[in-house]
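The values are calculated or read from the model by the stated rules, or taken from the named source; none is laboratory data. Note that the coordinates shown come from a computational prediction; the quantities given were computed from them, not determined experimentally. Glycine gets a Cβ as well: all are built from the backbone with ideal geometry, and neighbour counts include every protein chain shown. For the accessible areas, the whole protein counts, side chains as well, though only heavy atoms, and no ligand, DNA or RNA atoms are used. Shrake-Rupley method; radii C 1.70, N 1.55, O 1.52, S 1.80 Å.
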Amino acid sequence: MGRVSVVALGTTQPLRVRTVAIPDPGDLLAHLPEHAPHAWIRHGEGIIAWGEAARVNVPPGPDRFAWARDWLADILGDAHIHDEVRQPGTGPLAFGSFTFDPDTPGSVLVIPRAILARRDGHAWYTTIGDPTPAAVTPLRHPGTIRYSDAALTAPQWQRAVAHAVTRINAGHLEKVVLARDLNATAEHPIDVRLLLHRLHQRYPECYTFSCAGLVGATPELLIRHIGDSVHSLVLAGTISRGSSPSDDDARTAALLTSDKDRHEHACAVQSVRDALAPLCKELSPPRDPELLTLPNVVHFATPITGRLADGASALDVIAALHPTAAVGGTPTTTALTLIRELEGMDRDRYAGPVGWIDARGDGEWGIALRCGHIDGTHARLFAGCGIMADSDPAAELAEAQAKLRPMRYALEG
């Protein structure tokens with residue numbers, strides 16, 4: 001690939017990276033500056049970062065993950081690294097966010113200039129070059145939020161769901177995931193840090209993330225890659241939370257006995273297993289799904305673990321997995337064609353992989369769900385639902401609205 005320019009440092013010299021052990025920093029998010037914050041946090045542990053030592057817009061196309069892997073190998077392979085901690089995520093790393101559709105531009109990788117992290121009893125601080133200390137300013141509130149329809153109105157989206165059901169019942173495909181977007185306009189510029197604080201506080205079981213303007217709290221772990229071990233959490237099959245404990249119990253019972261939701265979940269699990277099998281020398285057997293209960297919804301969830309056969313990096317595994325049936329459909333090619341026909345929008349980075357990868361190829365990546373793209377006073381929010389043969393358009397709309405609640409809460413408080 002050749003030498004890659006180091007954008008923020010303005011030089012083509014190798015990166016100078018230093019990681020040192022530090023005392024427990026407490027609330028990680030409290031250390032973020034307002035400008036260009038990056039984050040990957042769950043249960044108070046994870047990684048925050050700021051500044052840019054290097055940034056690249058990944059070219060669209062079927063080989064974009066391989067291109068990103070090679071770009072990182074080129075720029076990180078020559079780095080001068082002093083690492084006192086030597087844990088996954090120490091040394092230099094990149095935050096990344098990829099578009100859902102491989103032919104859509106907008107995928108990005110950012111190597112931050114400063115990284116603060118805590119996990120598994122270790123805490124560390126990584127710097128590249130000589131970054132200016134971050135000035136942490138008070139959180140800013142966005143004021144009044146106004147919402148408006150984006151690509152499709154609610155009735156138009158319900159008609160799209162009904163059309164998809166017709167196509168499924170005609171035998172064209174088994175499942176398709178249809179998404180909708182919602183515009184939000186704030187009175188004042190939106191402070192990403194405030195959204196991160198609110199999301200992490202309300203949804204600690206999720207992975208709260210920020211990468212190049214994409215912010216959210218996803219429940220779905222696409223891949224955790226540590227050494228030769230790989231772990232994925234598959235979610236599919238969902239019901240909204242109830243208004244009381246008894247209503248919650250009734251809804252959960254309905255989910256557990258729903259043939260539609262169980263079949264949807266089985267399709268998603270099989271798609272992940274089929275994608276991982278060629279890369280793994282060991283892979284966990286199928287199991288009955290668990291329940292993941294969040295403040296707004298309940299999901300069927302199945303963890304999948306394995307051991308890689310040939311030392312593939314996290315980006316190689318992502319290339320094999322994306323898009324899973326949980327965000328695309330079954331069969332994949334047919335589902336993607338129907339998505340382009342019915343959604344009436346560009347998903348951009350919604351439902352694409354988002355996360356981090358270090359110089360060893362280790363990393364954690366989720367699927368960008370329950371998220372929004374933030375730009376000044378504007379936010380574009382997203383939600384999607386798995387459509388099956390017996391899906392009801394009104395019920396799917398209610399599910400989509402429930403999935404929009406995390407980002408609406410983050411904006412409104």
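List of remarks:
- Of the residues examined, ALA394 is not one that is closer than 17 Å to ASP181 by Cα and modelled with pLDDT under 95.
- Single unsatisfied condition, ARG370 versus (1) out of contact with any helix residue (DSSP H, G or I) (no Cβ under 6 Å at 6 or more places or on another chain); (2) of a type in the set (Lys, Arg); (3) closer than 21 Å to LEU222 by Cβ: (1)
- Test set (1) assigned to a strand (DSSP E or B); (2) buried (at least 23 other Cβ atoms within 10 Å of the Cβ); (3) under 23 Å from the mean Cα position of the chain (by Cα) - THR99 fails condition number: (1)
- Count of region 386-411 residues which are under 27 Å from VAL108 (Cβ atoms) and not basic (Lys, Arg): 7
- Residue count for region 1-25 satisfying the condition of being in a strand (DSSP E or B), at pLDDT below 95 and not hydrophobic (A, V, I, L, M, F, W, C): 1.
- Scanning region 222-232 turns up no residue that is basic (Lys, Arg) and in contact with a helix residue (DSSP H, G or I) (Cβ under 7 Å, 6 or more places away or on another chain).
- Residues of region 134-171 that are among the small types (Gly, Ala, Ser) and over 23 Å from LEU336 (Cα atoms): ALA134, ALA135, GLY143, SER148.
- Tally, over region 37-86, of residues that are in a strand (DSSP E or B) and either under 20 Å from SER107 (Cα atoms) or open to solvent by less than 40 Å² (accessible area, probe 1.4 Å) (or both): 14
- Checking the stated criteria, ASP247 turns out not to satisfy the condition of being closer than 16 Å to GLU399 by Cβ, free of Cβ contacts under 8 Å to residues at least 40 places away in the same chain and in contact with a Gly (Cβ under 6 Å, 6 or more places away or on another chain).
- Output for region 133-149, where each listed residue is in contact (Cβ under 8 Å) with a residue 60 or more places away in the chain and part of a loop (DSSP other than H, G, I, E, B): ALA134, ALA135, VAL136, THR137, ARG140, HIS141, PRO142
Per-residue answers, yes or no, for (1) exposed (fewer than 15 other Cβ atoms within 10 Å of the Cβ); (2) closer than 30 Å to ILE304 by Cβ; (3) of a type in the set (Gly, Ala, Ser):
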site: SER148; (1), (2), (3): yes, no, yes
site: VAL165; (1), (2), (3): no, yes, no
site: GLY171; (1), (2), (3): yes, yes, yes
site: TYR203; (1), (2), (3): no, yes, no
site: ILE239; (1), (2), (3): no, yes, no
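- Residue within region 293-308 that is in contact with a Phe, Trp or Tyr (Cβ under 8 Å, 6 or more places away or on another chain) and surrounded by 14 or more Cβ atoms within 10 Å (Cβ to Cβ) present: yes
Residues checked against (1) touching a strand residue (DSSP E or B) at 6+ places or on another chain (Cβ under 7 Å); (2) of a type outside the set (Ser, Thr, Tyr):
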position: HIS188; (1), (2): no, yes
position: LEU196; (1), (2): yes, yes
position: HIS200; (1), (2): yes, yes
position: TYR207; (1), (2): yes, no
position: GLY216; (1), (2): yes, yes
position: ILE223; (1), (2): yes, yes
position: VAL230; (1), (2): yes, yes
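- Taking region 373-397 as the range and being free of Cβ contacts under 8 Å to residues at least 60 places away in the same chain and of a type in the set (Asp, Glu) as the test, only ASP392 passes.
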